[in-house]
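The values are calculated or read from the model by the stated rules, or taken from the named source; none is laboratory data. Keep in mind that what you see is a predicted model, and the values were worked out from it rather than measured. Methodologically, a virtual Cβ is constructed for each residue, glycine included, from the backbone with ideal geometry; neighbour enumeration extends over all protein chains shown.
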């Protein structure tokens, strides 16, 4: 008798993310997913009507997981800048620990549209692949807004600042995954030095960090 798999839908999504990373999006099919996941080849059809829906759900789960991780890291601090730093560090850690999801989440295979946009939010009316994606990004945007309200960052467009910090953080995550970073200390000192320099460029002079001694 086949062993019952708790939360079969999530089990299938995790297996799909691994299959995409291993063999590419073109290798994914619902029948192949059933085989790889160790269930009947028809089981995935109960949850996903077609491949496009499956890919969208994989991305949604990935963003949900990342958002939860960022949120947990942010809640561990009270200072807005420390919250922001912790949230961005959690982004790097998620990429390291859940690369199968992370890679798909930012691939051309995951469609984005304006269905999940919100013109009244600081996140802006931009295209997202899911509500989970918009919410994860929104945590970082609100982190900028909170730091500005506390006088820890200069007034200005929060989307401009968050995109600068996001681009840096995403680059660190991807380069670290591919072992392309050219520094013996690895990710941590590069992340801290880069983030400190970027944040200082948006801080009022009175709250800028002091250079650390060698």
Taking the options 109, 87, name whichever one is modelled with pLDDT of 95 or more, closer than 28 Å to residue 166 by Cβ and in contact with a helix residue (DSSP H, G or I) (Cβ under 8 Å, 6 or more places away or on another chain). 87
(1) part of a loop (DSSP other than H, G, I, E, B); (2) at pLDDT 85 or above; (3) more than 20 Å from the chain's Cα centre (by Cα): which one isn't true of residue 193, the others all being true? (1)
Taking the stretch 51-96 and keeping residues more than 18 Å from the chain's Cα centre (by Cα) and within 16 Å of residue 15 (Cα to Cα) leaves 51, 52, 53, 54
Just for the stretch 127-142: of the residues that are more than 12 Å from the chain's Cα centre (by Cα) and part of a helix (DSSP H, G or I), which one is farthest from residue 157 (Cα to Cα)? 131
As an exercise: evaluate residue 65 against (1) modelled with pLDDT of 95 or more; (2) in contact with a helix residue (DSSP H, G or I) (Cβ under 6 Å, 6 or more places away or on another chain); (3) crowded, with 16+ Cβ neighbours inside 10 Å; (4) under 30 Å from residue 194 (Cβ atoms) and give the number of the one condition it does not meet. (2)
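So which residues in the stretch 30-49 are outside any helix (DSSP H, G or I) and crowded, with 16+ Cβ neighbours inside 10 Å?
Matches in the stretch 30-49: 39, 43, 48.
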If the requirement is being surrounded by fewer than 17 Cβ atoms within 10 Å (Cβ to Cβ) and either more than 30 Å from residue 100 (Cβ to Cβ) or modelled with pLDDT under 95 (or both), which of these qualifies: 212, 148? 212
Flagged in the stretch 73-88 as exposed (fewer than 15 other Cβ atoms within 10 Å of the Cβ) and farther than 13 Å from residue 146 by Cβ, in numbering order, are 76
Got at least one residue in the stretch 56-66 being free of Cβ contacts under 8 Å to residues at least 12 places away in the same chain and part of a helix (DSSP H, G or I)? no
Restricting the stretch 112-145 to residues that are over 28 Å from residue 78 (Cβ atoms) and in contact with a helix residue (DSSP H, G or I) (Cβ under 6 Å, 6 or more places away or on another chain), which is modelled with the lowest pLDDT? 116
Is it the case that some residue within the stretch 96-103 is surrounded by fewer than 22 Cβ atoms within 10 Å (Cβ to Cβ) and assigned to a loop (DSSP other than H, G, I, E, B)? yes
